[in-house]
1. Being modelled with pLDDT of 95 or more, within 17 Å of the chain's Cα centre (by Cα) and open to solvent by 70 Å² or more (accessible area, probe 1.4 Å) is the requirement here; does Lys151 meet it?
2. What are the pairs with Cβ atoms under 9 angstrom where one residue, in the range 81-101, is over 17 Å from Ser50 (Cβ atoms) and in contact (Cβ under 8 Å) with a residue 60 or more places away in the chain and the other, located anywhere, is assigned to a strand (DSSP E or B) and open to solvent by 60 Å² or more (accessible area, probe 1.4 Å)? Sequence gap at least six, or different chains.
3. Please state which one of Ser54, Ser50, Ser24, Ser11 is open to solvent by less than 40 Å² (accessible area, probe 1.4 Å), more than 13 Å from the chain's Cα centre (by Cα) and of a type in the set (S, T, N, Q).
4. Could you check Val118 against (1) within 24 Å of Ser28 (Cβ to Cβ); (2) in a loop (DSSP other than H, G, I, E, B); (3) in contact (Cβ under 8 Å) with a residue 24 or more places away in the chain and say which number it fails?
5. Being in a strand (DSSP E or B) and either exposed (fewer than 15 other Cβ atoms within 10 Å of the Cβ) or over 15 Å from the mean Cα position of the chain (by Cα) (or both), is that true of even one residue in the range 94-101?
6. Can you find a residue that is closer than 16 Å to Phe89 by Cα, in a loop (DSSP other than H, G, I, E, B) and among the charged types (D, E, K, R) anywhere in the range 28-50?
7. For residues that are of a type outside the set (A, V, I, L, M, F, W, C) and touching a strand residue (DSSP E or B) at 6+ places or on another chain (Cβ under 6 Å), scanning just the range 3-23, find the one that is nearest to Val86 (Cα to Cα).
8. Report the residue count in the range 110-122 for those that are within 18 Å of Lys171 (Cα to Cα) and in contact with a Phe, Trp or Tyr (Cβ under 8 Å, 6 or more places away or on another chain).
Amino acid sequence: MAYLSKEQLLSMGFKALGESVKVSDKASIYNPETIMLGDHSRIDDFCIVSGKVSIGRYCHITPMCLVAGGSPGITLADFCTLAYGVKVFAQSDDYSGKTMVNSLVPAGFKNEYLAEVVLEKQVIVGAGSTIFPGVTVREGCSVGAMTLVNKSTQPWGIYAGNPARRIKDRKQDLLELEAQFLKEQQK
């Protein structure tokens with residue numbers, strides 16, 4: 001995997017660009033002027049990131065992910081991970097047939113649902129999962145592979161299924177490790 005140089009990243013015109021950010025030269029970044037990348041975060045091969053997106057510190061977007069922020073936006077707080085093939089949408093067409101669909105059709109003929117998506121701190125989303133507009137994945141949640149998250153979660157849960165349901169509590173031990181890690185980074 002090859003990453004863009006700091007000069008290449010700066011030339012793209014991101015809204016904000018943290019320290020030690022890595023973006024694959026095979027990632028597709030649209031609307032960089034609306035995208036904020038936090039310190040030490042990484043976007044891997046074949047990812048698409050578009051629209052209003054804010055990525056916190058130490059976030060990892062692994063290969064083949066789609067982060068479609070549109071105008072409402074998507075926020076990934078610190079220490080979030082999107083595993084292979086995760087899709088996160090902040091907007092969706094109306095599939096009922098009452099209106100037209102398609103990005104080529106003017107807004108007056110459509111009824112798009114536009115709503116911000118937030119992944120709070122220490123969230124991990126498993127491979128192949130999809131997160132719908134308007135969802136907040138609360139702090140510390142883990143989402144199992146192939147899960148459809150169409151409603152907001154409660155903190156520190158393990159969610160899986162279609163649609164997502166809480167299957168058990170997630171341990172919070174990692175918060176002590178986070179504190180230790182950040183303390184070591186300051187040295």
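The values are calculated or read from the model by the stated rules, or taken from the named source; none is laboratory data. Computed from a predicted structure; not experimentally measured. So basically every Cβ, Gly included, is an ideal-geometry build from the backbone, and we count neighbours across all protein chains shown. We work out accessible area using only protein heavy atoms, side chains counted, and drop any ligands, DNA or RNA first. Shrake-Rupley method; radii C 1.70, N 1.55, O 1.52, S 1.80 Å.
1. On the way: modelled with pLDDT of 95 or more: yes; within 17 Å of the chain's Cα centre (by Cα): yes; open to solvent by 70 Å² or more (accessible area, probe 1.4 Å): yes.
Spelling it out, Lys151 is indeed modelled with pLDDT of 95 or more, within 17 Å of the chain's Cα centre (by Cα) and open to solvent by 70 Å² or more (accessible area, probe 1.4 Å).
2. If the second residue must be assigned to a strand (DSSP E or B) and open to solvent by 60 Å² or more (accessible area, probe 1.4 Å), the pairs left are Ala83/Ile124.
3. On the way: Ser54 fails: more than 13 Å from the chain's Cα centre (by Cα); Ser50 fails: more than 13 Å from the chain's Cα centre (by Cα); Ser11 fails: open to solvent by less than 40 Å² (accessible area, probe 1.4 Å).
The unique qualifying residue is Ser24.
4. Unmet condition: (2).
5. Filtering the range 94-101 down to residues in a strand (DSSP E or B) leaves 100.
Within this subset, residues satisfying the condition of being either exposed (fewer than 15 other Cβ atoms within 10 Å of the Cβ) or over 15 Å from the mean Cα position of the chain (by Cα) (or both) are 100.
Looking through the range 94-101, at least one residue is in a strand (DSSP E or B) and either exposed (fewer than 15 other Cβ atoms within 10 Å of the Cβ) or over 15 Å from the mean Cα position of the chain (by Cα) (or both).
6. The answer is no; no qualifying residue exists.
7. Of the range 3-23, the ones of a type outside the set (A, V, I, L, M, F, W, C) are 3, 5-8, 11, 13, 15, 18-20, 22.
If we keep only those that are touching a strand residue (DSSP E or B) at 6+ places or on another chain (Cβ under 6 Å) as well, we get 3, 15, 18, 22.
Details: Tyr3: 21, Lys15: 24, Gly18: 23, Lys22: 19 Å.
Among residues in the range 3-23 that are of a type outside the set (A, V, I, L, M, F, W, C) and touching a strand residue (DSSP E or B) at 6+ places or on another chain (Cβ under 6 Å), the one nearest to Val86 (Cα to Cα) is Lys22.
8. From the range 110-122, those within 18 Å of Lys171 (Cα to Cα) are 119-122; that's our starting set.
Now narrow it down to the ones that are in contact with a Phe, Trp or Tyr (Cβ under 8 Å, 6 or more places away or on another chain): 121-122.
Going through the range 110-122 one residue at a time, the tally reaches 2.
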